[in-house]
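Here, each number is a calculation from the coordinates, and none is a lab measurement. Because the structure is predicted, anything quoted here is derived from the model rather than measured. For neighbour counting, all protein chains shown are included, and Cβ atoms are generated from backbone atoms with ideal geometry for every residue, glycine included.
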Amino acid sequence: MKIALCQVNTIVGNIEYNKSRIIDGYKKAVNDAADLVIFPELSLIGYPPLDLVEKKEFRQASLKALAEIADQSGEVGLLFGTITEDDDNIGTDIHNSAVLCYNGKVQFIQHKSLIPNYDVFDEMRYFDPAKSIYVHEFKGEKLGISVCEDIWNDADYWYKQRYSYDPVKDLIEKHASVIVNISASPYSFGKRESRKNMLSVLCKTEKIPLAYVCDVGAQTELIFDGASMCFDNEGNLVKLGKAFEEDYFIFDTKEKCQPVKSSERSFEEETLSALIFGLKEYCSKQKFRQVLVGLSGGIDSALVTYIAVKAIGPENVNVMLMPSIYSSEGSIKDSEKLIKNLGILSSNVSIQPVVKEVLKMLSSVVTEKHKRIVEENIQARIRGVYLMAVSNQFGYLLLTTGNKSEMAVGYCTLYGDMAGGLGVIADVYKTDVYRIVNYINKEKEIIPKEIVEKEPSAELSLGQKDQDILPPYELLDKILKMYLEENKEYDEITKIIGDGEVVNKVLKMVDNNEYKRRQAAPALRVSTKAFGYGRRYPVVQGWRK
C-alpha cells in the first residue's frame, strides 16, 4: 500500500484554513497515485483545541467541514483527525477521532481509546474514550487505525504501562496488516528518539509495518516537531519527516528501503531549532511582525535576541538598552557589539533620572532597612514600563529574557523583567543557555565572548552577582532538574548533592515563588516538565516546613 503522509501545520480553531490544507494535500497525493493519504490528529480543528470543543457552534462548524471534505474524496482513502459526537448521554459525548473517507463519504471512524490526563494533556476534560476497536479492510489491507496516545502503551517496550488496555495489541489480534497512527505529540528533547525506539520494538515484535504522521507547528507554549515516521515489518525506521517544518512523502509498505540511522541531533542544535521555530510560529499566528527585547549585556537577553533574529529576521528585531548608574561600561559595549554582529535596530534610554525621581517621591515611606531591595525592583519595573511603552507605541511583541533557573527560584521581578508576551528561554536552564550560546559561536563569534565570559549579574546594585543569592548555576541546575523533572524530594536530592542546607534553600525558593510563575508569560516548552499548565503546583500550601 502506498501511504502519503501529510505533515501539515494547522491553526487551532481556524477550521476553514485547516480544511483547505487537508483538501490540498489530498489532491497532491491523488496525483502521486497514493492509495491512502493521512493527516495528523485533530488536523481539522487544530491541537490542542481546549475549551473550544465545548462550544456547540464550533462543533457544528467542524462537522460541516468534515462533510465537505468527505465529499471531495474519491477512490483514494483520506484519513484525518477531528472531533465527532455521539448521543449516549454518558460523559462528554465528544470524541477525538480518526475519520476515513473515500468515494464521497465517511466510511469509517475510529475514536481515540487512551485519553491522556497528565503533564500538558487534559483530554479527559473533553473527550470520551472509544468503546470498541475495529480494523477496516481497504484496498487489500486491514488497516489498524489509532490516534496518538494509543501507541504509547506497548507492554513489550514500557517497564510500567500507564493504562491497563493496549489498543494496538487489540488491532494486531484483529489481524491488522498495517498500523496507522495519526498524532499531535508535543516536542521535548529526547522524545523523538524514544518514540523511534518504541515504535521500532512494536513493529519488530508484531512483524507489521507502521505509518506515524505527526503534527508540526506551535500553539502558544507547545511545539510540535513533525518528524513523522514509517517502519517496516522488521522494525527499521525507513522514512523520517523533516523536523520543525511541513513535509510530505510517500511510504510504500511493500518497498524495501534503507534504514534511517538517526532521528535526533544534538541537544544544542535541537533545542535552538525548537525555540526559533516556536517564536516564529507565535509571531506568525498572532500576527506580530516585529519583536522587542530589553538588552542588558547579559547572556540571556543576548540569546533571546539571536533567536529572534533567526526566527523573523534582523530587520524585525528591536532592542532597547536601559542603563542605570549600576550598569557597567562593559555591558553597554558588549551589547553594542552584539547589535552590530546581528545587524538589528536599537535605542538607548537611561532609566536613572526616573529611578532617582521615584525614590525621591517615595522617600517618606521607604526606610533604609529595605531601601536596597526597593531600589533594585524599581529599576527592573521602570525598565518594564519603558519596554511596554515602546511595545504599545509600535505594536511590537515584547519578549521576556528570563531562563528556567531564574524562573524556578524567583530570581526575577514581577512587572519588571517578567513583563512581556512570550518567554522564549523560560524552559532553558542557565547552564544550558551557555551550552547553546557556545554552539552558536562554534564557527564564528556572534554573541561576543565578553558576554559569555562575564560573571552573571542583574546589575541592580553595586558589585551585585547572581551567586550572592544563588548557589553556583551548575549546582542549582542539578538540584532543579531532580526536583522539577524527576520529582525527587529533599532526602533523595540531599543524598546525591551532599548539602542539605543548600537543597532545602533551593526547594523553598521554588515553592515560595509559584505565585510569580502564575503571572509569567507563556514559556516555549522544550523539556519534559516546563512551567505552565503542564506543572500544576499549589500557590498556597504547607508541605515544606
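At-a-glance table
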| quantity | calculated |
| --- | --- |
| Total charge dipole magnitude, the stretch 430-498, about the Cα centre, Cβ charges on Lys, Arg, Asp, Glu only, Debye to nearest 20 | 200 |
| Contour minus Cα-Cα distance for E329 and R518 (0.36 nm per residue) | 64.5 nm |
| Y17 versus D93: modelled label distance in nm, points set 7 Å from Cα along the beta carbon direction | 3.1 |
| Residue exposure sequence - S461, S301, S228 - by fewest surrounding Cβ within 10 Å | S461, S301, S228 |
| Estimated dipole of the chain in Debye, rounded to 20 [Cβ of Lys and Arg +1, of Asp and Glu -1, Cα centre] | 920 |
| Length released on extending from S164 to E54, taking residue separation times 0.36 nm less the Cα-Cα span | 36.8 nm |
| Simple label model, 7 Å out from Cα along Cβ direction - K495 to Q393, nm | 5.8 |
| The stretch 96-133: trypsin sites (Lys or Arg not before Pro) in DSSP coil with no more than 15 other Cβ atoms inside 10 Å | K131 |
| Antiparallel bridges, percent of DSSP beta bridges restricted to the chain (to nearest 5) | 55 |
| In sequence order, calculated HN-Hα J values of the stretch 421-429 (Karplus, 6.51, -1.76, 1.60; Hz; x Gly/Pro) | x, 8, x, 6, 10, 6, 10, 10, 5 |
| Those trypsin sites (Lys or Arg not before Pro) in the stretch 1-72 that DSSP places in a loop and that have at most 13 other beta carbons within 10 Å | K55 |
| Ranked L279, L50, criterion: other C-beta atoms within 10 Å, fewest first | L50, L279 |
| Length added when fully stretched, N233-R435, from 0.36 nm per residue minus Cα-Cα | 68.8 nm |
| Fewest-first ranking of H111, H136, using other Cβ atoms within 10 Å as the exposure measure | H136, H111 |
| Kirkwood Rh and Cα Rg combined as Rg over Rh, evaluated for the stretch 277-412 | 1.00 |
| Stokes-Einstein diffusion coefficient of the stretch 201-333, Kirkwood radius over Cα pairs, 37 °C, 0.692 mPa s, in µm²/s | 185 |
| FRET efficiency for D511 and K449, using Cβ-Cβ distance with R0 set to 45 Å, rounded to 0.05 | 0.75 |
| Cα gyration tensor shape for the stretch 471-511, rounded if a/c is under 1.5, else prolate or oblate | rounded |
| Relative contact order for the stretch 2-264, counting Cα pairs under 8 Å that sit 6 or more residues apart, in percent | 19 |
| Under Karplus coefficients 6.51, -1.76 and 1.60, residue-wise ³J(HN,Hα) of the stretch 433-438 in Hz, glycine/proline x | 4, 5, 4, 5, 5, 5 |
| GluC sites (Glu not before Pro) restricted to the stretch 10-104 and DSSP loop, no more than 11 other C-beta within 10 Å | E75 |
| The chain: relative contact order in percent, alpha carbon pairs under 8 Å with at least 6 residues between | 11 |
| Two-decimal Rg to Rh for the stretch 90-167 - Kirkwood Rh, Cα set | 1.01 |
| Helical contribution to [θ] at 222 nm, DSSP H n ≥ 4, -39,500 (n - 2.57), averaged over the chain, rounded to 500 | -11500 deg cm²/dmol |
| Alpha-carbon spread of the stretch 422-545, three principal axes, descending order, Å | 49, 31, 31 |
| The stretch 391-469: relative contact order as a whole-number percent, Cα under 8 Å and 6+ apart | 23 |
| 11 Å reach of a label modelled at E137, 7 Å along Cα-to-Cβ, counting backbone N of the stretch 26-53 | none |
| Rounded, prolate or oblate (a/c below 1.5 giving rounded, otherwise prolate when a/b exceeds b/c) for the stretch 2-264 by Cα gyration tensor | rounded |
| Spin-label pair E357/E75, simplified geometry with 7 Å Cα→Cβ offset, distance in nm | 7.8 |
| Size of charge dipole - the stretch 471-511 - debye, nearest 20, with Cβ of Lys, Arg +1 and Asp, Glu -1, no other charges | 60 |
| Using a Förster distance of 35 Å, the FRET efficiency for K254-F121 (Cβ separation, nearest 0.05) | 0.45 |
| Projected-area average for the chain over all orientations - Cα convex hull basis, square nanometres | 27.9 |
